[in-house]
Each structure stands twice: as structure tokens, then as C-alpha cells.
Amino acid sequence: MNLNKYLKKELLYSKIFILIGVIAAVTGLIFDYHKEAMLGLTAGFLPTGIGTMFIYKHAGKSPKMVKNIELENEERNIFINTKAGYTAFWVSYWYIFVAVILNSIVNISSQNFLIATLFFMPTVYFLFVFIYHKKY
């Protein structure tokens, strides 16, 4: 793995996140277009972009961070994370499918369902990451 190439790619992603955050802020605050939604996008993208940019700017200087980046990109970890993502996707897909089918029986608002789904999906993903780390 070429560390400099990886860091440049991650810094590019950080800049894209910052750009999306700024565009959402301008769209919401100046043009008053879906102000609440644009502020939500800004609150998500801008700090994420700034944070990752800060982390990856200093990553090349720290031996511990270089070691962490190498471990993240190890073939075994990539395989496990990909397999966990694949499995979590299908578990979440069937969860949503069953929920839609049972919608006539269980009366739950779409907002509560979406909130539950936001907690369910990452929980399933990290559960499978844990399981596959033990298995492989």
C-alpha cells in the first residue's frame, strides 16, 4: 500500500465533504431552500470533512497512525468488512421487507420506523464485523 497515495485520496474525500457542507449551508441560509434539511446536511458534512482532513493531515507524521492505516488496509480486514457489509445489507433489506409487509398489522409511524432502522442497520453491521473477526 502506498501511504502517500492513500492519504491524498482521503484528503480529497475530506475536501469534497467540506465542499458539500458549504454548498448546503449556502443553499439553506442564503437561498432559503429547505433550510432545516440543508442545515442538517451542513451539520453532518462540514464537521466530518474538517475532522477527517485534520486527522489525515497529521497521519503521515505519526508512526502510530501509519501503523493503524496499514492495519485498516490489510487484506484480511478488508475481506471481513466487505463480508460484514454484504451480510448487513441483506439482513437490513429483509428487515425492511418484513416491516413493510407487517405494516398493516403493526401500526407504527414512519418516523419511528426510520429511527429504529437507523439504529438497527449499524448495529447489525458491527455485530457481523465482530462475528467475522472471530470466525476468520
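Among the residues of segment 90-122, those that are touching a helix residue (DSSP H, G or I) at 6+ places or on another chain (Cβ under 9 Å) and closer than 26 Å to ILE80 by Cβ comprise VAL91, SER92, TYR95, ILE96, THR117, PHE120, MET121, PRO122.
Listed here are the helices (runs of 4 or more DSSP H) enclosed by segment 1-102 that have at least 2 residues being among the polar types (S, T, N, Q) and either at pLDDT below 95 or within 26 Å of PRO122 (Cβ to Cβ) (or both): 3-25, 35-59, 75-101. Within segment 118-136, the set of residues being surrounded by 14 or more Cβ atoms within 10 Å (Cβ to Cβ) and either within 17 Å of the chain's Cα centre (by Cα) or acidic (Asp, Glu) (or both) comprises PHE120, MET121, VAL124, TYR125, LEU127, PHE128, VAL129.
Determine whether segment 19-36 contains at least one residue that is more than 22 Å from TYR6 (Cα to Cα), among the polar types (S, T, N, Q) and surrounded by 14 or more Cβ atoms within 10 Å (Cβ to Cβ). Checked segment 19-36: at least one residue is more than 22 Å from TYR6 (Cα to Cα), among the polar types (S, T, N, Q) and surrounded by 14 or more Cβ atoms within 10 Å (Cβ to Cβ).
The values are calculated or read from the model by the stated rules, or taken from the named source; none is laboratory data. What you see is a predicted model, and the numbers here were worked out from it, not measured in a lab. Please note: Cβ atoms are built from the backbone with ideal geometry, for glycine as well, and neighbour counts cover all protein chains shown.
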